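Single-structure report; data block below.
The values are calculated or read from the model by the stated rules, or taken from the named source; none is laboratory data. Note that this is a predicted model, so its numbers are computed, not measured. Don't worry about glycine lacking a Cβ; one is built from the backbone with ideal geometry, like all the others, and counts go over all protein chains shown. The area values use the complete protein model at the heavy-atom level, side chains included, leaving out ligands, DNA and RNA. Shrake-Rupley method; radii C 1.70, N 1.55, O 1.52, S 1.80 Å.
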Amino acid sequence: MSEFNGKKVLITGGASGIGKTMGRLALSRQAELVIWDIDQVKINATIAEFSTKGNVSAYCVDVSSPEQVKIFADKVKKEIGQIDILINNAGIVRGKFFNEHNHDDITKTMFVNTLAPMYITLEFLPEMIHRKSGHICNIASLAGLISNPKMSVYAASKWAVIGWSDSVRLEMKQLNTNIHVTTVNPYYINTGMFDGVKSRIPLLKTEKVAHAIIRAIEKDKTFLSMPWSMRFIRLCQGLFGVRGFDAIVGNMVGVYKTMEHFSGHNK
Ligand code: NAD
């Protein structure tokens with residue numbers, strides 16, 4: 001069990017969406033909350049909202065910058081102390097066909113979604129290993145298990161996160177560190193990040209996802225896929241093969257058309 005009570009919890013992208021809701025839930029469990037986000041306006045609003053709920057500090061950090069990650073990790077260690085639970089949650093999506101991307105779209109997506117969780121984890125993991133306690137939670141996506149049009153780079157970034165995150169879990173076990181790693185793969189959530197998406201499978205609710213993630217951390221779960229039925233994705237891919245999976249999940253269930261009217265936060 002990874003308890004939140006009295007623990008220092010760092011959440012990246014913690015000023016909106018599921019990151020913000022997870023922060024509120026961590027505070028309600030008497031954790032000390034540290035938020036990293038790139039959006040100062042949302043940080044200010046979150047701090048104002050959370051000020052009566054517990055001990056919270058926030059830093060305006062661009063996690064896609066390795067330099068900023070280093071500077072702010074040092075600052076957190078000095079001002080707050082060692083982090084017990086790290087939730088790598090910040091993420092972005094461009095939502096267009098691959099041929100419409102430029103280099104900056106690709107680099108930014110890979111930096112925020114994939115490299116930042118690795119860099120940030122490297123900052124806090126050694127001390128966790130030293131103390132033989134800690135929890136790393138990485139927010140990936142079902143897009144890391146299912147290919148999808150208008151999501152190629154986002155999918156690539158999340159496939160990479162899943163492979164990295166679960167390998168670190170195995171390493172921590174092999175090294176007898178008592179550090180737990182949870183990899184989270186949700187379907188679309190109604191946070192606004194994927195506004196415009198049309199899906200026959202209902203969008204997940206922010207509150208429900210955040211609750212499930214916090215519970216998964218408390219229970220030291222290795223994988224959390226949402227909705228529940230999505231834990232069978234790999235089995236279905238093996239059983240149906242690529243063509244069968246494309247026909248059933250992609251075309252019959254309609255997943256491959258979900259991004260057609262994507263607008264994201266820019267709607
Ligand atoms: P959101 O857009 O509501 O929140 C993301 C937060 O990350 C924002 O506060 C934003 O300011 C911050 N952020 C973005 N770039 C940053 C940067 N460079 N440095 C620091 N902070 C940065 O999104 P959300 O829906 O809450 O998504 C949270 C996570 O869940 C993401 O990793 C996302 O990929 C993943 N996810 C989301 C969905 C969905 O449908 N919304 C589905 C599956 C997985």
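How about the range 222-267: which chymotrypsin sites (Phe, Trp or Tyr not before Pro) there lie in a loop by DSSP and see at most 15 other Cβ atoms within 10 Å? Within the range 222-267, no chymotrypsin sites (Phe, Trp or Tyr not before Pro) qualify (loop, at most 15 other Cβ atoms within 10 Å). Note on the chain: Cα Rg divided by 2.2 N^0.38 Å, N the number of residues, gives 0.98. Taken about its Cα centre, the chain carries a charge dipole of about 700 debye when Lys and Arg each add +1 at the Cβ and Asp and Glu each add -1 at the Cβ. Over the range 141-226, the hull volume per residue, using the convex hull of the C-alpha atoms, is 89 Å³. Database remark: amide H of residue 204 closer than 5 angstrom to the amide H of 188, 189, 190 (H placed geometrically; neighbours at sequence offset of 5 or more, or on other chains; Pro and chain starts carry no H).
Extension gain for the segment residue 251 to residue 174, taken as residue separation times 0.36 nm less the Cα-Cα distance, is 23.6 nm to one decimal. Across the range 169-178, rounded Karplus estimates of 3J(HN,Hα) from the backbone phi angles (6.51 cos²θ - 1.76 cosθ + 1.60, θ = phi - 60°) give 4, 5, 4, 4, 5, 4, 8, 6, 8, 6 Hz, Gly and Pro being marked x.
With the convex hull of the Cα atoms taken as the outline of the range 54-166, the averaged projected area works out to 7.9 nm². Among 190-196, 132-138, sorting by the average number of other beta carbon atoms lying within 10 angstrom of each residue, highest first, gives 132-138, 190-196.
The alpha-carbon atoms of the range 12-78 define a convex hull whose volume equals 75 cubic angstrom per residue. In order along the range 82-88, phi translates into HN-Hα couplings of 6, 8, 9, 10, 10, 10, 7 Hz, rounded to whole numbers, per the Karplus curve 6.51 cos²θ - 1.76 cosθ + 1.60 with θ = phi - 60° and x for Gly and Pro. Computed from the Kirkwood radius of its Cα pairs, the Stokes-Einstein diffusion coefficient for the range 66-112 at 20 °C and 1.002 mPa s stands at 163 µm²/s. With the gyration tensor restricted to C-alpha atoms of the range 181-225, the semi-axes of the equivalent ellipsoid amount to 23, 10, 8 Å, longest first. Distance between the modelled labels on residue 201 and residue 215, one decimal in nanometres: 1.9 nm (7 Å Cα→Cβ projection). The Cβ shell under 14 Å around residue 184 holds other residues with a net charge of +4, Lys and Arg each +1, Asp and Glu each -1.
Put simply, the amide H of residue 58, placed in the peptide plane, has neighbours under 5 Å in 35, leaving out anything fewer than 5 places away on its chain. The residues of the range 1-97 expose on average 42 square angstrom of accessible surface per residue, using a 1.4 Å probe on protein heavy atoms. In this structure, the pairs whose alpha-carbon distance is over 20 Å, taken from 7/173; 77/132; 20/42; 132/219, are 7/173. Amide hydrogen proximity for residue 32: with H placed 1.01 Å from N in the peptide plane, the residues at 5 or more positions away or on another chain lying under 5 Å are 6, 7, 8, 9.
Couplings 3J(HN,Hα) of the range 222-237, computed from phi: 7, 10, 10, 10, 9, x, 3, 4, 6, 5, 9, 3, 5, 4, 4, 4 Hz, in residue order, whole Hz [Karplus 6.51 cos²θ - 1.76 cosθ + 1.60, θ = phi - 60°; x for Gly and Pro].
Here is how the number arises for the chain: DSSP H runs of 4 or more residues each give -39500 (n - 2.57), the sum is divided by the residue count, and the result at 222 nm is -13000 deg cm²/dmol.
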